[in-house]
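K.L.:
Please see the structure below; I have some questions.
The values are calculated or read from the model by the stated rules, or taken from the named source; none is laboratory data. This is a predicted model, so every value here is computed, not measured. As a convention, Cβ positions derive from the backbone with ideal geometry for all residues, glycine included, and neighbour counts pool all protein chains shown. Please note that ligands, DNA and RNA were not included when accessible areas were found on the heavy atoms of the full protein model with its side chains. Shrake-Rupley method; radii C 1.70, N 1.55, O 1.52, S 1.80 Å.
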Amino acid sequence: MKNIFFISLTIITFNSFSQSIDIVSWNLKEIFSEEDISNRSTDFQSFGDDLSPDILLLQEYTDGSLMEGIGNAMGLTDYFHASSNFVTGGTGRHGSFETGVLSKYPISRVIEFDISTNGGLGDAEEIEMVETIKGYTSNSGTGRGFLWVEIECLNLVVIPVHLKSSVGRTGNDDKENAFKRERVAIAIANFVSQAKILYPHYTFIVAGDFNVGHADSKKNGTKLDEDCYEDCSDSDDGYDDTHAIFEAGIVNGLTMKNLLKWTDATTYERDFGSGPIDNIFVDGDDKENFSQGVISDKLYNSDHFPIYTTLKY
């Protein structure tokens, strides 16, 4: 565990009968520099005007120093921000994507969980659990870790994710990347399930680019100890258990609710039949107070449509 920050905050009291929080997740698509922000300033301004998020989970920019500029371009000025730092250089532009949160509400704590070779969680229990269940070694890698962002005044934890892409591959060609997606998913699921016990009145959101759809029949599985990669029959289990890890109770009984379960696609290619690769999973005290997830009808010059929900207290 590394990069733990504690931020002093002013206690805010909300009217529990009228408060609603608009939460948006969006893969920006390849924001590498301030120049990239400037080049898409019109897109970002339109995004902010149209969606006006109270809390925004972002994926696919390359440095935490860009967060303020992204927020300002969207008109989300004076928002609190938190960013991962999974990569410290040397892996190329597309290997250094980060995840982050922009919040109208004060952020009370940020923890980065980085289980790649860039850093380490040391003796963290989630790594031990992954290795026990799936036979991973310390060199298996994850592609990326995850970010844990607490907003104490809302009793809320938001976790933006950007799991490893298949890059169009399936079966044996996708085996390594599926392992990486599952490894991060299990670490998150394990941590959320334990945090629910410690903080029973909190709500937990895991949202972002999962890079696997919930209805992808070529990939999805539900059993961690049974994987079929090629020439699978109807009775065989698939090889990517990412969605099951969050919602099927196979990790510590965790059954998060996927607010995008109803739809087919969230990317510009509209790969119908695989389910959305951008998802919002929720759990905790206010699990039933979220609206059904919605997909924006505009790309804002990304290759992913923004997705959003409203939490009503």
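K.L.:
Given points 7 Å out from each Cα along the Cα-Cβ axis, report the Lys218 to Gln194 separation in nanometres with one decimal.
P.N.:
Taking the two extended label points, one gets 3.7 nm.
K.L.:
Could I ask something else about it? Report ³J(HN,Hα) in whole Hz for each residue of the range 19-25, in order, from the Karplus equation J = 6.51 cos²θ - 1.76 cosθ + 1.60 where θ = phi - 60°; Gly and Pro get x.
P.N.:
6, 9, 10, 8, 10, 10, 10
K.L.:
With just the Cα atoms defining each centre, how far is the range 207-278 from the range 289-304? Give it in Å.
P.N.:
Result: 19 Å between the Cα centres.
K.L.:
Please report the carbon-and-sulfur percent of the accessible area for the range 202-313; probe 1.4 Å, protein heavy atoms only, DNA, RNA and ligands left out.
P.N.:
Looking at the range 202-313 in its full context, I get 42 percent from C and S.
K.L.:
Then there's this: Length gain on complete extension for the stretch Asn39 to Ser20, per 0.36 nm per residue less the alpha carbon to alpha carbon distance?
P.N.:
3.6 nm
K.L.:
By the gyration tensor of its Cα atoms, with a ≥ b ≥ c the square roots of the eigenvalues, what is the shape of the range 212-291: rounded for a/c under 1.5, prolate for a/b over b/c, or oblate?
P.N.:
Verdict is oblate for the range 212-291.
K.L.:
Further, regarding this structure: Note down the accessible area of Asp283, probe 1.4 Å, to the nearest 10 Å².
P.N.:
Roughly 10 Å² of Asp283 is accessible to a 1.4 Å probe.
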